[in-house]
Amino acid sequence: MKHALPAAVSGERCEFDSAAGRLSVYVAGQGPPLLLIHSINASASAAEMRPLHEHYRATHTVFSVDLPGYGFSDRSDRDYTPRLMTDAVHAVTAWVQSRCGPAPIDALALSLSSEYLARAAAEAPGSYRSVALVSPTGFNGLKPWRAAPGSTRGLPWLYKALRGPGAVWGLALFRALTRPGVIRYFLCRTWGSKNIDEALWAYDVLTTRVPGAEHAPLHFLSAKLFSADIHTVYESLAMPVWMSHGVRGDFTDYRGKAIVESRPNWQFTIFPTGALPYFEVPQDFCEAYDRFRDGRVAGA
């Protein structure tokens, strides 16, 4: 049943074993490597990277990964944590370098996965030429997130309730959150508009029907996949970092970015869109991203 799921993007779909379990990666195009990492939610997958994947395959070798618990990657019932997701980023980065050579790569992540890419880049700075964070988490409000290294914002009592006898409550909640109309509702909140991408909505519905689809989202819902030390991680990045976000929808509070705004290696772009600007203004987004990377190369 798992393999009845269609491909999320174009190109060859590859699988390999890693410390984070079996990972699935779509590969397309030729040229310098570019790693794309989707967000974390109830219906996430590499389909969230489709506009960037299809655009950059003309000039790059593009790698779009399904993170653990999503898409064609391992969806087994296990502990989904920032450490697991960061290990997956490390693994796919090493796999990319095994195919394209050992040089540092450019990588882009969406929303909560920005935390995992940032952590991977902090732990292995020599592996990344640049880091792009699209609508990243950890910057809403002014609360500092500098807890013990590796700690999470998880609520053990909530996860215990969701995983109660037979995981009945959690599975019921997951099924409620992944009804087609509810998925549409949350996408509209993400866009800040009813003009969502219909192909993404359709794929989101399909990917939530795969066996084991509830496991990672239940950890997400109990906040176990959010890092309590993420400000320390963001502040430790030394390579060029590009942060972009929109002004519509649920994800518009970025007051916390004040902690990195004065850092010379950070650049910022705000788009008149929702949280997935490259779906709405793909040309503007890619031009801004290209300028960031070209500027980094020019200053190298």
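The values are calculated or read from the model by the stated rules, or taken from the named source; none is laboratory data. Here the structure is a predicted model, which means the values were calculated and not measured. Reconstructed Cβ throughout: ideal geometry from the backbone, glycine too, with neighbour counts over all protein chains shown. Please note that ligands, DNA and RNA were not included when accessible areas were found on the heavy atoms of the full protein model with its side chains. Shrake-Rupley method; radii C 1.70, N 1.55, O 1.52, S 1.80 Å.
Considering only the range 131-139, I want to know if a residue exists there that is open to solvent by less than 60 Å² (accessible area, probe 1.4 Å), small (Gly, Ala, Ser) and in a helix (DSSP H, G or I). Please lay out each step first, then the result.
Going residue by residue through the range 131-139, those that are open to solvent by less than 60 Å² (accessible area, probe 1.4 Å) are 131-139.
This time we only want the ones that are small (Gly, Ala, Ser), so: 132, 135, 138.
Now restrict to residues that are in a helix (DSSP H, G or I): none.
Scanning the range 131-139, I find no residue that is open to solvent by less than 60 Å² (accessible area, probe 1.4 Å), small (Gly, Ala, Ser) and in a helix (DSSP H, G or I), so the answer is no.
Report yes if some residue within the range 260-267 is open to solvent by 30 Å² or more (accessible area, probe 1.4 Å), in contact (Cβ under 8 Å) with a residue 12 or more places away in the chain and aliphatic (A, V, I, L, M); otherwise report no.
Taking every residue of the range 260-267 in turn, none turns out to be open to solvent by 30 Å² or more (accessible area, probe 1.4 Å), in contact (Cβ under 8 Å) with a residue 12 or more places away in the chain and aliphatic (A, V, I, L, M).
Output the residues belonging to the range 164-183 that are open to solvent by 60 Å² or more (accessible area, probe 1.4 Å) and in a helix (DSSP H, G or I).
Selection gives PRO165, GLY166, VAL168, TRP169, LEU173, ARG175.
Are there any pairs, at least 6 apart or on different chains, whose C-beta atoms fall under 9 Å, with the first in the range 229-253 and more than 28 Å from SER193 (Cα to Cα) and the second in a loop (DSSP other than H, G, I, E, B) and of a type in the set (Val, Ile, Thr), and if so, which?
Cβ pairs passing all conditions: ILE230/THR137; HIS231/VAL260; TYR234/VAL260; GLU235/VAL260; LEU237/VAL260; VAL241/VAL260.
Looking at (1) touching a Pro at 6+ places or on another chain (Cβ under 9 Å); (2) closer than 30 Å to PRO102 by Cα; (3) assigned to a helix (DSSP H, G or I), which is the only condition ALA120 fails?
(1)
Look at ARG99 and say whether it is closer than 30 Å to HIS60 by Cβ, at pLDDT 95 or above, surrounded by fewer than 14 Cβ atoms within 10 Å (Cβ to Cβ) and of a type in the set (Lys, Arg). Give the derivation first.
Working: closer than 30 Å to HIS60 by Cβ: yes; at pLDDT 95 or above: yes; surrounded by fewer than 14 Cβ atoms within 10 Å (Cβ to Cβ): yes; of a type in the set (Lys, Arg): yes.
Taking the combined requirement at face value, the residue satisfies it.
Taking TRP157 as meeting all but one of (1) part of a helix (DSSP H, G or I); (2) in contact with a Gly (Cβ under 7 Å, 6 or more places away or on another chain); (3) exposed (fewer than 14 other Cβ atoms within 10 Å of the Cβ), write down the number of the exception.
Checking TRP157 against (1) part of a helix (DSSP H, G or I); (2) in contact with a Gly (Cβ under 7 Å, 6 or more places away or on another chain); (3) exposed (fewer than 14 other Cβ atoms within 10 Å of the Cβ), the one that fails is (2).
A quick yes/no check of all residues on (1) at pLDDT 95 or above; (2) over 24 Å from SER236 (Cβ atoms); (3) of a type in the set (D, E, K, R):
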position: ALA19; (1), (2), (3): yes, no, no
position: GLN30; (1), (2), (3): yes, yes, no
position: ASN41; (1), (2), (3): yes, yes, no
position: PRO51; (1), (2), (3): yes, yes, no
position: GLY71; (1), (2), (3): yes, yes, no
position: THR86; (1), (2), (3): yes, no, no
position: THR93; (1), (2), (3): yes, no, no
position: PRO104; (1), (2), (3): yes, no, no
position: ARG119; (1), (2), (3): yes, no, yes
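Please go through the range 19-41 and give me each residue that is open to solvent by less than 30 Å² (accessible area, probe 1.4 Å), in a loop (DSSP other than H, G, I, E, B) and at negative phi, ordered by number.
Passing the criteria: ALA20, HIS38, SER39, ILE40.
Just one of the numbered conditions (1) within 17 Å of the chain's Cα centre (by Cα); (2) part of a loop (DSSP other than H, G, I, E, B) is not true of PHE186; which one?
(2)
Are any residues in the range 143-173 hydrophobic (A, V, I, L, M, F, W, C) and either in contact with a strand residue (DSSP E or B) (Cβ under 8 Å, 6 or more places away or on another chain) or at pLDDT 95 or above (or both), and if so, which ones?
Of everything in the range 143-173, those that are hydrophobic (A, V, I, L, M, F, W, C) and either in contact with a strand residue (DSSP E or B) (Cβ under 8 Å, 6 or more places away or on another chain) or at pLDDT 95 or above (or both) turn out to be TRP145, ALA147, ALA148.
Please state which of the following conditions SER227 fails to meet, knowing it meets all the rest: (1) over 23 Å from PRO144 (Cβ atoms); (2) surrounded by 15 or more Cβ atoms within 10 Å (Cβ to Cβ); (3) among the polar types (S, T, N, Q).
All conditions pass for SER227, except number (1).
From ARG78, ARG13, ARG83, grab the single residue that is among the basic types (Lys, Arg), assigned to a strand (DSSP E or B) and open to solvent by 10 Å² or more (accessible area, probe 1.4 Å).
ARG13
Determine whether LYS194 is outside any helix (DSSP H, G or I) and without any contact (Cβ under 8 Å) to a residue 12 or more places away in the chain. Let's see the steps before the verdict.
On the way: outside any helix (DSSP H, G or I): yes; without any contact (Cβ under 8 Å) to a residue 12 or more places away in the chain: yes.
The answer is yes for LYS194.
What residue, of TYR56, TYR70, is in contact (Cβ under 8 Å) with a residue 60 or more places away in the chain and either under 16 Å from HIS215 (Cβ atoms) or surrounded by fewer than 19 Cβ atoms within 10 Å (Cβ to Cβ) (or both)?
TYR70
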